[in-house]
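Working notes, beginning with the structure itself.
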């Protein structure tokens, strides 16, 4: 419940939320005949919308999180490669099969590391949440079906954590599974580079030794400027919103003692 509440509380602080608040205040001031104040808030909303929708601002925000952990070719031997959920799309009509979304790189990189022999097991995370997934099948099971169908995954070496529904719930749930199986709490954690700082903190808090394995990078290490990048685009607005989502998530997790 706390997770759901926190998701709604931060909506006004996302880029579109901030712009909406600025416009609403501007209209209120205009109604009260405070024209200069109305103009100020109106312009502030436009400036925010423009900045969050341009590549330079988006690049700066993305690098502030994606630059925390490098992508390596070699990793220490661990008990399992852990694949964070969020990459699957349930087979709801008109879909007949499980599909992937913009986070599919998580699947590819997790299987890559697992097939490279860095760990004997591949853990797939993802419970069933009516809030984001109307299907009755846990996402971990859906992602596992993709791994077995397209990557010849051996079900005997797949571990599914299919009951928790959020990042902070995955770690303690997985720790219980490891303790039941007698596995050491050492994992190679695969998720989007943007999401990795929060995920690593959660698993370390639960007692895991974590080897971060970022993937799904949204921007380059160095930005090559050109005139075209000064034009706003919806894609950059989306990524800016994703960065703020992670920062707000880090803040909420710290306040609640989850990291």
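Structure above, values below:
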read-out	value
Residue count for segment 14-65, restricted to those that are under 30 Å from residue 193 (Cα atoms), free of Cβ contacts under 8 Å to residues at least 40 places away in the same chain and out of contact with any helix residue (DSSP H, G or I) (no Cβ under 6 Å at 6 or more places or on another chain)	4
Residues of segment 226-241 that turn out to be out of contact with any helix residue (DSSP H, G or I) (no Cβ under 6 Å at 6 or more places or on another chain) and either part of a loop (DSSP other than H, G, I, E, B) or touching a residue at least 60 places away in the same chain (Cβ under 8 Å) (or both), as a count	5
Residue in segment 125-136 that is over 18 Å from the mean Cα position of the chain (by Cα) and either assigned by TED's automatic domain parsing to the domain that holds residue 58 or modelled with pLDDT of 90 or more (or both) present	no
Subset of segment 167-191 (residues that are within 18 Å of the chain's Cα centre (by Cα) and over 18 Å from residue 144 (Cα atoms))	167, 168, 169, 171
Residues being closer than 29 Å to residue 250 by Cα and surrounded by 18 or more Cβ atoms within 10 Å (Cβ to Cβ) - total across segment 26-47	2
Hey, residue 69 under 16 Å from the mean Cα position of the chain (by Cα), modelled with pLDDT of 95 or more and part of a loop (DSSP other than H, G, I, E, B) or not	yes
Count of residues meeting criterion [assigned to a loop (DSSP other than H, G, I, E, B) and either surrounded by fewer than 16 Cβ atoms within 10 Å (Cβ to Cβ) or not assigned by TED's automatic domain parsing to the domain that holds residue 143 (or both)] in segment 80-117	11
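Residue by residue, here is whether (1) crowded, with 20+ Cβ neighbours inside 10 Å; (2) out of contact with any helix residue (DSSP H, G or I) (no Cβ under 9 Å at 6 or more places or on another chain) holds:
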position	(1), (2)
155	no, no
161	yes, no
167	yes, no
176	no, yes
180	no, yes
185	no, no
192	yes, no
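The values are calculated or read from the model by the stated rules, or taken from the named source; none is laboratory data. In this text the structure is predicted, and so the values were computed from the model without any measurement. Here the Cβ is made from the backbone with ideal geometry for all residues, glycine too, and neighbour counts use every protein chain on show.
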